[in-house]
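Down below is the structure, laid out as structure tokens.
The values are calculated or read from the model by the stated rules, or taken from the named source; none is laboratory data. None of these values were measured; they are calculated from a predicted model. Here the Cβ is made from the backbone with ideal geometry for all residues, glycine too, and neighbour counts use every protein chain on show. Only protein heavy atoms, including side chains, enter the accessible area calculation; ligands, DNA and RNA are left aside. Shrake-Rupley method; radii C 1.70, N 1.55, O 1.52, S 1.80 Å.
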Amino acid sequence: MSVNRRFRAGLSFGANYTWGISFTGNTGLQKRLQHAADGTISVRADQAEYERLNRTLDLRPHYLKANAVWALPRRADGRGLGRAVAHIVNDWQLAGVLTAGSGPAYDLSYSYRDNGGNVNLTGSPDYGARIIYTGDPGSGCSDNQYGQFNTAAVTGPTYGSLGLESGRNILRGCPDRTVDLAIMRDVRLRGDRRLQFRLDVYNAFNTVVINGRQTQVQYNSPTDLTLRNSETLANGSIDPARLTPRTAGFGAATGAQTMRNLQVQLRFAF
């Protein structure tokens, strides 16, 4: 859905909204092969189940892009002080862009220090096991930078895995809601010459949008599920050694969009 208004009476605006309903398919899925004792290779009988489990793609339910330009009302030139004020306040424009929408989908993964390769878990080098969800991991986004999802809701796969423990694109990142602003003015000089001043303010409201997190849980081995990269200590407090994104533990944020920053431009046209 889109709405647009051409520049009229000092104002123009436009907006485009997309509502995602369904997005499925087998994009990116592999053929899971098995090797018979006689040396022949065939596709596994559970290939269809594997494709059904992983058919969900990265559907973005909502996406909105809107913009507006407003030419500030002009003041009559007049004389004396009024004319001086008019020279200062006239010919300014204010513009803004809103970007809003659902965050990207993502999944959790695992790693084992010992005996956790594909061959160990599934018996084949061609496909791996999947992380196991034992409860509700949450939406995938939280205001708590140290807990973006419920880390207690997952565990690692073990020996004899069929690689069908879970699907993909289960969690969703934080939604975007960023406003960029710009204020500009053209100063008319003699002839066709003009001087333009422009100030751009990106992420004007300093909105925090977390866009990275530690999604891999690390264990010792499939038979020793001691968590090696916990964000918290045994008493539940945040581990002092994992306070920064660079050292983040499982479930903690590792990155966010750029905070407010400004850019000034001065242009001379002739």
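Details
- Alpha-carbon centroids, the range 184-216 and the range 118-139: separation in whole Å: 45
- If you look at the Cα atoms of the chain, you get an Rg and a Dmax of 27.6, 101 Å.
- The residues of the range 154-217 present an accessible area of 51 Å² per residue when probed at 1.4 Å with all protein chains retained.
- Protection proxy ranking, peptides 165-172, 236-243, average beta carbon neighbours within 10 Å, highest first: 165-172, 236-243
- Rounded percent of accessible protein surface that carbon and sulfur make up, the range 125-262, 1.4 Å probe: 50
- Cα centroid separation - the range 6-41 against the range 253-270, whole Å: 31
- Within the range 187-246: Cβ-based charge dipole about Cα centre, in debye rounded to nearest 20 (Lys, Arg +1; Asp, Glu -1): 740
- Helix 80-89 and the longest principal axis of the Cα set of the chain meet at an angle near 20°.
- Close amide H contacts of residue 187 (hydrogens built in the peptide plane, cut-off under 5 Å, sequence separation of 5 or more or a different chain): 195, 196, 197.
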